[in-house]
Amino acid sequence: MDIEHAIIKSNPFFSSFDDKDYSTLLPHITLVTLKPQEVLFHEGDFSDAFYIVKDGAIRIITINSRGETVFLARVGARGFFGEQAFSPAFSPRRRATAIAQVESTLYRFPRDVLRSLRHRDPRLQLILQKQGVQYIREKLQTLVNNFQQTAFHIEQIMGKIQSFPKRSVLFFQGETAHRAYIVVDGEIELRTYDQEKRIQQQTSIGPGQLFGAEGLSEHGIYLETAITKEDASIISIDSSRYQKVAENHPLLKKLGERFSRQFTFKAKGKILQFRSEYLDMPAITSIISLSDGQEIVCQQIISADMFIASITHVTATHEIKFTRDENYSRTLSLEKNKIIGFSDYGIWQDSHALLDFIIEGVEITEKQIEEFLKTGRILTQTIEKTDEKLVCICMRVPYSIINKLIVSENADFSDIRKRTGAGSVCGGCKPLILEMLGTNAWSPCIVFRVINHTPHIRSFQFRPLNKTIFPFQAGQYLVIKVKIDNVWVQRNYTLTSTSEQPYYEITVKKEPKGLFSSWLFEHAEENLIVYVAGPYGQFTLESTNGMPIVCFMGGIGITPAIAFTRYLANAKKQQRIYIDYSVVLAEQFILMDEFSNMTKKHSTIAMNHRITNISGMLTEQEIKTIILSIDSCHIYLCGPQGLEKLVIDTFNKMNLTSERLHVEQFIHAGSPENLPQTIK
Ligand SMILES: Cc1cc2nc3c(=O)[nH]c(=O)nc-3n(C[C@H](O)[C@H](O)[C@H](O)COP(=O)(O)OP(=O)(O)OC[C@H]3O[C@@H](n4cnc5c(N)ncnc54)[C@H](O)[C@@H]3O)c2cc1C
Ligand code: FES
């Protein structure tokens, strides 16, 4: 074996190559000689080759947001760099500059050859795949070690590796999420579509990155469509394994969240994302190219809890800084009143929200700057900051308590919910808490159609001004906010449209003396602007696994059943649904023609309706008969308190497992006495 062969073979990427592999590669390897201080490539250049240093030394440097040179690494003899050339999914651009420190000679392996070799020879592909897996194992383990969690075995999350040919769709936006994925090799494009099926956002990700996990934990559905851009190897982890590991090892969950947060940018352009290093620490770099030609570069440094973002080619006029202690600070770079960059040290929950400020080019006010200097956060508009003002009316949690948890303990929404109960009853305060965390949860919508069902029940259809209908599941609700007499008022309303429709629809009962519903009935002429947050809620068909559904619905509580039947009928699902719909007076029924058409057209949909003033209330015996006649059914309940109590009591007497009962309460925020009754 000659010296050249020995050097190359000792490289971890080529260690499994045999003589035949080596001779395939050899004709393509060239030698590059550099004089001292000669630049091999600049940061931002196309990343076209992998290098092994034969002799000499290369300095890897970068320029920080203040224009200072930062030394990243020195690569000596037998060292290597540019391993992203093995897969096009890593950065297509150099993320640092390489300069010869002394006269140096390097072996150059062109990116195209490494790629074509891999595609031509399945055995080589397998070796590189194995190397890739090993590389990812090591990287994940490094991340894990950096979090100092020793009991964590990376093996636990490594699921089956599957190969997918170019242009395979792994999942569709809006589909129920069953799996999380880690890219081993290849490039994956995550696309979000608007309601007219136009691509709204594209994100390219590559080896080492976890995706799809946010669907398992937070939303229940995938928020984007995942397509392989080339032949790819992917580790697929099923939902139960992911949940189990994430439960035992919150770190994995955190990692998933950190990766996935990167996809929640509201960028109106393209995002390119790749795993990288920053000052020798594992990082994720995202380059957001906006449609107006601007570019934002973000570095999320995993092990050191740092997030740095800056818009390129704009110079800051000044900086402002908030420091809580040496591990927790934030610096904003401003160009006049626009945020053009920031660096976060410590875990800040709202880094992605600050990024939105850069993307949107929003100017911040003197008041927001004042607030920033005190808390490090840029608050949006609706929170009233009187300390004793209740943020969660249901659980009576004031602003001061939530603010304290955020500022001094860096709590996120789930910590706040766990510690105070805020957000755990009607869910209406969730957007306010998110706002306190720095996220603007609200999007403006314009009402374009009002449908009268009865004098007291109307449907309102509205479109988001940014045209994005967020995917949702049948049974979820929106929080809607309007300004009434100069005060923001918000209420929850179940969505009665389906996720496929190009608008949101809610169906509202005008409550006698009800503040919000009466206002909506009076003012919701076409072109009214309302603000919506969500969709939120667990009252969905998610956990039924296709088993039959029985709905006991009373009065306006029919709205989730409208959503379920429309969804099942439109998606041509075979899941059976039986609805028992009670109203006091015949004129209170809504959408009876539509229900009747659906039951005629779909043998899987059935309905019984009753007018309690004429035929009396539903009885315990009737409830039992219905439940027993539909084998293994799940029971969905939404209606007035009397109906709710009767169904829950009957259910408890029948000794059925609690997972089969799902209850939605249209409670009015601020009525703690309406907390859900205990289900046995
Ligand atoms: C998850 C969820 C989903 C929901 N989905 C729907 C839906 O799909 N459709 C729907 O219509 N509603 C729905 N609601 C209920 C909705 O959020 C509101 O609570 C409802 O519209 C009443 O709001 P309001 O402002 O009109 O009444 P509020 O002003 O909040 O009044 C609440 C109640 O008090 C009574 N009241 C108010 N002032 C007085 C007074 N001075 N004297 C006596 N009584 C008074 C009102 O009549 C009303 O019954 C849902 C609630 C939740 C939690
Ligand atoms: S759960 Fe907070 S207002 Fe209802």
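Worth a mention:
- Isotropic mean projected area of the C-alpha convex hull, segment 403-527 (nm²): 8.9 nm²
- Accessible-area value, ASP238, 1.4 Å probe, nucleic acids and ligands omitted, Å²: 60 Å²
- Solvent-accessible surface ranking, highest first, for THR105, THR619 at 1.4 angstrom: THR619, THR105
- Heavy atoms of GLU659 accessible to a 1.4 Å probe, total area in Å² rounded to 10: 120 Å²
- Rounded Å value of the spacing that divides the Cα centres of segment 494-528 and segment 1-50: 65 Å
- Computed accessible area, LYS510, all protein chains, 1.4 angstrom probe, square angstrom: 70 Å²
- The relative contact order of segment 542-674 comes to 31 percent, based on Cα pairs under 8 Å that sit 6 or more residues apart.
- Those residues of segment 564-593 whose amide nitrogen sits under 13 Å from the label point placed on ILE614, 7 Å along Cα→Cβ: 583-589
- Over 18 Å between alpha carbons, listed pairs LYS624/LYS645; LYS374/LYS404; LYS600/LYS624; LYS389/LYS513; LYS338/LYS481: LYS600/LYS624; LYS389/LYS513; LYS338/LYS481
- Peptides ranked, highest mean first, by Cβ atoms within 10 Å: ranges 469-479, 222-232, 603-613: 469-479, 222-232, 603-613
- At 1.567 mPa s and 4 °C, Stokes D of segment 542-674 from Kirkwood alpha-carbon radius, µm² per second: 85 µm²/s
- Short to long, the 5 Å bins of the Cα pair-distance histogram for segment 565-624 hold 4, 17, 25, 19, 17, 13, 4, 0 percent of all pairs.
- Packing, as the average of other Cβ atoms within 10 Å across residues, places the peptides 417-423, 168-174 in the order 417-423, 168-174, highest first.
- For the peptides 447-459, 578-590, residues were scored by their other Cβ atoms within 10 Å and the scores averaged per peptide; the highest-first order is 578-590, 447-459.
- Taking all protein chains together, HIS5, HIS318, HIS313 sort by accessible area into HIS313, HIS318, HIS5, largest first [probe 1.4 Å].
The values are calculated or read from the model by the stated rules, or taken from the named source; none is laboratory data. Please read all numbers here as calculations on a predicted model, not as lab measurements. Counting neighbours? That spans all protein chains shown, and the Cβs are built from the backbone with ideal geometry, glycine included. SASA here: full protein model, heavy atoms, side chains in, ligands and nucleic acids out. Shrake-Rupley method; radii C 1.70, N 1.55, O 1.52, S 1.80 Å.
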